[in-house]
Structure formats: C-alpha cells, structure tokens
Amino acid sequence: MLEPLQDLLINLAAAVIFFACGLFAQRFLTMFRRRVLRSFWAPFTKGAVRIAIGSFIEDEYYRRERAGFAGLGDIEAFVRLKRQLHDAGIREYDLLPSHQVSPEQLRDHLVLIGGPHSNSVSDKIMRQLPCTFTFGSSDGPIGKDTRIYDSRQRSATDCLTDEAGRLVSDQGLIIRCPNPYAPGKQILILAGSWGFGTTAATQLIESRDFLGHPVIASSDPFEATFSCRIDAGMISDVQIEKIRRLNLSPTTTTIAP
C-alpha cells in the first residue's frame, strides 16, 4: 500500500523539479537574449532616435498633406521592431515617413525601414556607403529593384516565384554603420526586396545566430544579406546568407546633408 503512494510522490516530485528546471532555463534564455539584444542596440541609446519608414508618394497632394502610402511589410516590421526597442531599453523615438526626414534629423540615430525603392533616406545613405551588396534591376515588375548584386563576387540573387507568379522566397539587406552625417550617431537599415523581406529582417536581428556572429558581436560596421521562405503569406526559414565588415573611409562620416 505504501509503495504505490511512494512511487506517486516520487513521480510528482520529479515532475515539479522538471517543471522548475524548464522554467528557470526559459527565463535564463530570455534574460540572455535581452542582454545580447541590448548590446546590439547599445549605440542607439544615447541621443534622439528617428525611425523612418518607407513611403510611396503619388503626387504633390500627398506631399502637401504630409501623407503617403506605407507597405504592409514595413508596418509589420515596425511593430516587431517596437517590441525589440522596448526590450533593449529604448523607449523614446520618433516614427516618420522617409520623405519627411529633415536635414537636421539626418544627424540623429536613424533606423531605416525599407530599401531604396521605397525609403528615400535608405537610398540617400546607401549611395554614400562603400557597400558590396546593392539592390538592382531584376526580371520582376518594371521599376522594382529586387535583385541583390554582390560586387565582390560579381554575382546576383533574386526572389523566387511559383508558376502562378506568387513569391515563394524573399531576400534583403541589413546594414549598420556610423551615420555619415553625424560622427557618433548610428544608422541601421532593414531592407527587403519585397515587404516580406523587410519584416524578416526584424526577425533576423533578434535571432541567436545573427546576434552571436563574430562580426555582429564586434560592433563593427557591417553589411549582410539574408533570405526567407514565403508560404501562403507566412514568413519562415529566415537565414543569414553573407555578412561582411563595411570598410568605411575617414571621409565617410563628414558628409554634409
């Protein structure tokens, strides 16, 4: 009679211990993730932070009304980014469309959501950086620069579509470097070929593989490419493709707006 009761108590104790260990491990991993994430965002904690989101302006009416169109992928990226900034201890920042960024605001910390096709500030900054990865023309819709060119390896990659023309993969660039308009300030560019890629960029920068990469962890300026799968509108399998240190010249940080 006592043996079954004893076995029951042992099993209950083991279950409690297993649950407690799992809970402790989960909390430890969460704390570790936040610590590494805060290290990544640490350069942005001193001074004003401007988040500029890509915008599409059709005509002068939208300019007068301070309005415009933002892509769904860019909006989803901002929602995810907002949570990251909170975890990293950054609670104060301004969100504005890229076409409303003033010359004075260009001298602040900048987080740029969207590539040069939709974000005019991303376009302006990337033209001044010695990037080996750039967006360029592709076989996709006219005027859409979805192909990523690698000038070092003289190669190019593009997004994949199925027989119906639907995206089954996306890709993008992530760039972090000093602000060329203001020494001591930082810029982070999160840019997908399409909106899925821009959203995927915000997922990638909080992943363990990305944050633990030697180049990323060193806080050196970098440029990186990544890819992701698209299935029924859902993003999965976000993967780092290439990460390189960005070799900046001494004059890169002395450009006037």
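Please report, ordered by residue number, the strands (runs of 3 or more DSSP E) entirely within the stretch 84-200 with at least 1 residues that are under 19 Å from Leu246 (Cβ atoms) and of a type outside the set (Val, Ile, Thr).
On the way: elements: 94-97, 109-113, 133-136, 147-150, 155-157, 169-178, 186-192.
Correct list: 109-113, 133-136, 147-150, 155-157, 169-178, 186-192.
When you go through Arg229, Arg244, Arg208 one by one, which is the residue that is on the phi < 0 side of the Ramachandran plot and at pLDDT below 90? Working first, answer last.
On the way: Arg229 fails: at pLDDT below 90; Arg244 fails: at pLDDT below 90.
Going through Arg229, Arg244, Arg208 in turn, just one is on the phi < 0 side of the Ramachandran plot and at pLDDT below 90: Arg208.
Of the residues that sit in the stretch 210-230 and are part of a helix (DSSP H, G or I) and more than 26 Å from Ile75 (Cβ to Cβ), which one is farthest from the chain's Cα centre (by Cα)? Spell out how you get there, then give the answer.
So in the stretch 210-230, the residues part of a helix (DSSP H, G or I) come out as 210-211, 214-217.
Still in the list and also more than 26 Å from Ile75 (Cβ to Cβ): 214-215, 217.
Numbers: Pro214: 18, Val215: 16, Ala217: 15 Å.
Only one residue fits best here, namely Pro214.
Is it the case, given these coordinates, that Ala232 is surrounded by fewer than 15 Cβ atoms within 10 Å (Cβ to Cβ), over 22 Å from Val101 (Cβ atoms) and without any contact (Cβ under 8 Å) to a residue 24 or more places away in the chain? I'd like the intermediate steps shown before the answer.
Values: surrounded by fewer than 15 Cβ atoms within 10 Å (Cβ to Cβ): yes; over 22 Å from Val101 (Cβ atoms): yes; without any contact (Cβ under 8 Å) to a residue 24 or more places away in the chain: yes.
The answer is yes for Ala232.
Sort out which residues of the stretch 139-186 are in contact with a helix residue (DSSP H, G or I) (Cβ under 6 Å, 6 or more places away or on another chain) and either of a type in the set (A, V, I, L, M) or within 18 Å of Val101 (Cβ to Cβ) (or both), and write them in order of number.
Taking the stretch 139-186 and keeping what is in contact with a helix residue (DSSP H, G or I) (Cβ under 6 Å, 6 or more places away or on another chain), we get 170-172, 174, 178, 180-183, 186.
Those that are in contact with a helix residue (DSSP H, G or I) (Cβ under 6 Å, 6 or more places away or on another chain) and either of a type in the set (A, V, I, L, M) or within 18 Å of Val101 (Cβ to Cβ) (or both): Ile174, Pro178, Pro180, Tyr181, Ala182, Gln186.
Could you check the stretch 131-142 and list, in sequence order, the residues that are farther than 26 Å from Pro180 by Cβ and either open to solvent by 50 Å² or more (accessible area, probe 1.4 Å) or modelled with pLDDT of 95 or more (or both)?
Initially, the stretch 131-142 is screened for residues farther than 26 Å from Pro180 by Cβ, giving 138-142.
Residues satisfying the conditions are Asp139, Pro141, Ile142.
Return a yes/no flag: does the stretch 159-178 have any residue that is hydrophobic (A, V, I, L, M, F, W, C), farther than 18 Å from Leu129 by Cβ and open to solvent by less than 10 Å² (accessible area, probe 1.4 Å).
no
I'd like the full set of residues that are loosely packed, with under 14 Cβ neighbours inside 10 Å and either under 18 Å from Phe196 (Cα atoms) or not polar (S, T, N, Q) (or both), limited to the stretch 91-130.
If the condition is that a residue be loosely packed, with under 14 Cβ neighbours inside 10 Å and either under 18 Å from Phe196 (Cα atoms) or not polar (S, T, N, Q) (or both), then Arg91, Glu92, Asp94, Pro103, Glu104, Arg127, Pro130 are the ones that fit.
The values are calculated or read from the model by the stated rules, or taken from the named source; none is laboratory data. The model shown is predicted, which means the values in this text are computed figures rather than measured ones. No Cβ is skipped: glycine too gets one built from the backbone with ideal geometry, and neighbour counts run over all protein chains shown. When the accessible area is computed, the model is the full protein with side chains, heavy atoms only, and any ligands, DNA or RNA have been set aside. Shrake-Rupley method; radii C 1.70, N 1.55, O 1.52, S 1.80 Å.
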